[in-house]
Amino acid sequence: MSTLPVVNATPMWREYWALTKPRVVAMLMVTALVGMVLAPHERLPVWQYMAAIVGLWAGMASAAVINQWVDQQIDAVMTRTQHRPLVQGQMQGSAALAWAGFLAIVSMVVLTLWVNPLTAWLTALGMVGYAGIYTRYLKRATPQNIVIGGLSGALPPLLGWTAVTGEMSPHAWLLVLIIFVWTPPHFWALAIHRRDEYAKAGIPMLPVTHGIELTKQLVWYYTVLLGLVTLLPYLVGMSGIIYLVGACLFAFLFAREAWILKTTDKPGQAMKTFGFSLVYLLGLFAALLLDHVWLNWMA
C-alpha cells in the first residue's frame, strides 16, 4: 500500500532555494549581466546595478517556483525531477505559491522604483510567458512547445540591457535571437535522452510525438542555423574579431556534437550534446564579453 510523503510543516531555507531552480536562473542571470555590460550607457551608481540584479533574479526565481508548483505531477514521474521539494513533500503547495508571490512582488517593486518601468514590464512578461503560457499550456499542448515558449527564456539579455539604458535596442534583440535559436537543440537533446519519461508523463515533446530520428535531424539543422545567427553580431558591427573567432569555434564544436547525434546511435550522445550546449552558450557570451573589453581597451 503506497503512502503519500509527509509534508514538512516548517520547510528550511534549502527547500525555498531549491524551488527557485538556482542553476537555471544562474545561467539566465549570466546572460542578463552580459546584456548590462554590452549596453552602451553612462556608469550608474552601484546600488542601481545591484537593484537590477536583485529585481531580475527575483522575477526569474518566481517563475521557476510557479513552474514547479504547476508541474508537480509531471515531476513525480520523471527521474530528473523526482527530488524536487514539492514532489518529496518537503513543502506545501500553498507555501510555494506564497514564496513565488513574494518574489514576484519584490521583483516588480525593486525594478519599478529603482531601475525603470520598462524593465519591470518586460520581466513580468517573461514571468507570464514561462510560468503561465509555456508551463501551463504550451508544454502540454504541442511538440513545438519549446520553440514557441523559448522566447521567455531568451529575454534576460534584453532585460539586462534595458535595466541600464531604459530602452530596447536591435542589438539587445539580437542577443535574444541567439538564445531563442539555441533553445530547441539544447532542450531537444535532453528530450531525446528523457523520451520515455516524457511519454510516461503524457508530455508531447518532439521525440515522443515525431520520433527520435526526426528530432536528431532538427537538432542538427538548428545548430547550423544557430551558427549562422551567431555571425550577426560581427556582421552588424556589434562585436569584433575576438567574438567572431569564438563564435565560429563554438559553432563548429556544437555542430560536431549534433552531427554525431544525428548520424550514430552512440550511447550517451544525447546527454553529451545537451551538456555541450550549456558550455556553448556560456562560451559564446564569454566571447562577447572578452571582445567588448578588448574593443574598449583599444579605443
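The values are calculated or read from the model by the stated rules, or taken from the named source; none is laboratory data. Computed from a prediction, not measured in an experiment: that's the story for all the values here. Please note: Cβ atoms are built from the backbone with ideal geometry, for glycine as well, and neighbour counts cover all protein chains shown.
All of L253, L249, L228, L214 fail the test of being under 14 Å from L288 (Cβ atoms), surrounded by fewer than 19 Cβ atoms within 10 Å (Cβ to Cβ), at pLDDT 95 or above and hydrophobic (A, V, I, L, M, F, W, C), apart from L249.
Taking helices (runs of 4 or more DSSP H) as the structural unit, those lying wholly within segment 1-114 and holding at least 2 residues that are closer than 29 Å to A163 by Cα correspond to 13-19, 22-38, 46-70, 93-114.
Looking at A131, is it touching a residue at least 12 places away in the same chain (Cβ under 8 Å) and buried (at least 21 other Cβ atoms within 10 Å of the Cβ)? So A131 fits the description; yes. Among the conditions (1) farther than 25 Å from W173 by Cβ; (2) in a loop (DSSP other than H, G, I, E, B), P207 misses just one, which is (2). Go through G246, G240, G283, G275 for me and flag whichever is small (G, A, S) and more than 22 Å from the chain's Cα centre (by Cα). None of the others qualify; the one that does is G240. Of the residues in segment 182-194, at least one is within 18 Å of D75 (Cα to Cα), not assigned by TED's automatic domain parsing to the domain that holds G35 and not hydrophobic (A, V, I, L, M, F, W, C).
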